[in-house]
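Before any comments, here is the structure.
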């Protein structure tokens with residue numbers, strides 16, 4: 001849209017008329033106001049609202065890349081675009097901003113190290129920012145610090161060069177990762193096609209599978225060709241955004257070798273026994289419950305969300321051989337989106353500050369997992385993470401689509417009380433992952449057409465303490481004391497926590513028929529997420545019992561005869577879920 005600011009202001013017109021009527025000799029001053037406004041007219045449509053004036057696709061995501069800047073700045077390098085003399089490089093649309101749009105993009109407070117504060121931002125004469133294609137409408141305009149340009153220089157040759165280098169190096173330059181799933185026996189040949197001459201240059205001989213992925217920097221509009229002459233495979237790709245691309249078709253997760261699949265329940269039992277013992281070995285704690293829910297900063301979520309959205313159709317099956325029954329890959333393929341190194345490093349700098357503040361101690365990153373894309377029926381077995389490296393961790397929910405009901409992360413606190421935490425895109429869950437058992441035992445359920453649930457995981461330990469961090473108990477007195485068994489009434493009487501009335505629960509969330517996240521407790525120290533089943537674990541056998549019962553995603557607790565109750569439509573139904581009568585299917589099996 002063209003803003004009303006593109007016309008001479010009412011103030012200027014009124015001033016000219018008034019001065020003419022009074023015969024004032026200073027009429028030339030009013031004319032100068034109009035001349036200045038006329039001289040600064042933009043030849044581009046001025047954007048006044050990020051939400052309403054930019055182009056979005058059918059899913060509410062930015063349909064193109066934008067480079068935005070304050071309107072009517074003739075002394076800035078962006079004036080070449082605003083005057084219509086030039087256009088941005090491949091893939092970008094130039095858009096001058098004013099009003100709310102200008103304030104939203106350039107008055108945001110960032111937590112990045114290269115950002116100072118709002119007052120300093122307003123002191124810069126020339127500014128620009130890049131908005132990424134695929135960014136959700138709700139966070140469009142919130143950009144990571146490296147996507148911002150600021151300069152106090154006037155329209156000098158130095159400023160033009162600096163601006164050009166920034167735009168090319170931070171907006172036009174993107175990370176790319178290629179994976180070969182075409183042929184296992186030999187490398188896949190990857191060529192770069194020169195955009196000027198069309199000549200091809202060998203980029204890499206790409207070995208088979210995700211661990212041999214090749215990541216590098218390229219530019220928007222560059223083209224690559226993947227070739228295997230022997231099989232006749234050929235594919236050409238143009239880089240439209242930061243890109244993850246797997247050539248060929250990855251084998252299904254269920255194709256991996258799993259010798260014990262006929263004895264799955266026995267394997268699950270032994271695994272849960274191991275995990276129960278492991279969670280008891282760690283005595284060091286950082287928080288009272290062992291977990292908390294939080295939220296990503298908008299600019300980080302915008303960057304992560306756009307990257308996933310742009311690459312959501314490039315996910316490949318996760319390779320699961322030898323990893324055990326922790327994810328039910330034999331029932332549901334687990335998809336994976338690799339994360340480029342530099343992008344992951346930027347996210348990690350921000351995560352580190354968040355997790356350190358929550359844990360109350362300085363921490364160091366030990367690993368960051370890519371985007372895991374869960375499909376219908378997915379389940380995650382109760383477990384703890386690696387003791388040496390995963391003291392505290394972060395789950396980030398990036399996206400979820402078409403869920404029939406919430407898919408909570410289950411966390412047993414320091415007294416093994418079960419909490420079920422629901423998440424929305426952009427939410428995070430902090431947790432003490434080497435000590436607190438965690439899972440998603442309820443199967444992921446979808447509405448018609450299937451669904452997806454996408455998380456990223458990242459892990460930490462206290463800095464300078466190494467693999468034996470859990471043996472250092474000197475800092476424990478400085479941390480909030482853990483809420484142990486017997487310290488709350490709920491440990492003696494579950495009725496101290498209760499579900500609200502069914503009608504109120506249905507009004508809150510019609511999809512949440514189990515009432516997850518709605519339990520109210522007399523003791524605020526228990527938080528907001530006590531499981532509506534009021535389940536508590538005392539042994540590995542209880543973990544197995546939970547795993548069996550939650551084969552029914554609507555499981556809501558055990559009845560007086562110790563059989564699992566299900567919920568199909570409302571909690572009041574409490575229809576008994578009866579497992580098959582064979583030995584392996586009995587919910588009351590002892591360990």
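Some notes on this structure:
- Filter result (assigned to a helix (DSSP H, G or I), under 22 Å from residue 172 (Cβ atoms) and at pLDDT 90 or above) within the range 80-124: 81, 82, 105, 106
- Residue list for the range 322-362, filter: assigned to a loop (DSSP other than H, G, I, E, B) and surrounded by 20 or more Cβ atoms within 10 Å (Cβ to Cβ): 329, 333, 334, 338, 339, 340, 361
- Candidate set: the range 45-59, residues that are assigned to a loop (DSSP other than H, G, I, E, B), surrounded by fewer than 19 Cβ atoms within 10 Å (Cβ to Cβ) and touching a strand residue (DSSP E or B) at 6+ places or on another chain (Cβ under 8 Å); chosen: the one modelled with the highest pLDDT: 55
- Where a residue in the range 342-358 is at pLDDT 95 or above and its partner, wherever it lies, is in a helix (DSSP H, G or I), with Cβ under 6 Å and at least six apart: 350/300
- Residue count, the range 537-557 (criterion: assigned to a helix (DSSP H, G or I) and within 31 Å of the chain's Cα centre (by Cα)): 6
- Scanning the range 409-429 for residues that are in a loop (DSSP other than H, G, I, E, B) and surrounded by 23 or more Cβ atoms within 10 Å (Cβ to Cβ) gives a single hit, 413.
- The set of residues from the range 460-514 being within 17 Å of residue 363 (Cβ to Cβ), outside any loop (DSSP other than H, G, I, E, B) and at pLDDT 90 or above comprises 460, 461, 462, 466, 467, 468, 469, 470, 471.
- Residue 186 outside the structural domain of residue 347 (by the TED database), within 26 Å of residue 104 (Cβ to Cβ) and surrounded by fewer than 18 Cβ atoms within 10 Å (Cβ to Cβ): no
- Near pairs, Cβ below 8 angstrom, 6+ apart or cross-chain, from the range 273-284 (exposed (fewer than 14 other Cβ atoms within 10 Å of the Cβ)) to any residue that is modelled with pLDDT under 95: 283/473
- Residue in the range 192-203 that is part of a helix (DSSP H, G or I), more than 25 Å from residue 56 (Cα to Cα) and modelled with pLDDT of 95 or more present: no
- Scoring residue 202 on the criteria (1) more than 24 Å from residue 336 (Cα to Cα); (2) touching a residue at least 40 places away in the same chain (Cβ under 8 Å) leaves a single failure, condition (2).
- Failed item, numbered, when residue 492 is tested on (1) assigned by the TED database to the domain that holds residue 377; (2) surrounded by fewer than 17 Cβ atoms within 10 Å (Cβ to Cβ): (1)
- Residues of the range 247-264 that turn out to be modelled with pLDDT of 90 or more and not in a loop (DSSP other than H, G, I, E, B), as a count: 2
- Of all residues making up the range 295-321, the number that are surrounded by 19 or more Cβ atoms within 10 Å (Cβ to Cβ) and assigned to a loop (DSSP other than H, G, I, E, B): 5
- Test result for residue 286, in contact with a strand residue (DSSP E or B) (Cβ under 8 Å, 6 or more places away or on another chain) and either part of a strand (DSSP E or B) or modelled with pLDDT under 95 (or both): no
- Summed over the range 60-73, residues that are farther than 16 Å from residue 90 by Cα and assigned to a loop (DSSP other than H, G, I, E, B) total 4.
- Of all residues making up the range 205-219, the number that are more than 16 Å from residue 342 (Cβ to Cβ) and outside any strand (DSSP E or B): 5
- For the range 60-104, the candidate set comprises residues that are without any contact (Cβ under 8 Å) to a residue 24 or more places away in the chain and surrounded by fewer than 16 Cβ atoms within 10 Å (Cβ to Cβ); within that set, the residue that is nearest to residue 143 (Cα to Cα) is 103.
- Test: residue in the range 394-402 that is in contact with a helix residue (DSSP H, G or I) (Cβ under 9 Å, 6 or more places away or on another chain), assigned by the TED database to the domain that holds residue 457, buried (at least 22 other Cβ atoms within 10 Å of the Cβ) and under 26 Å from residue 448 (Cα atoms): yes
The values are calculated or read from the model by the stated rules, or taken from the named source; none is laboratory data. Please read all numbers here as calculations on a predicted model, not as lab measurements. Virtual Cβ from ideal backbone geometry, glycine too; neighbours counted across all protein chains shown.
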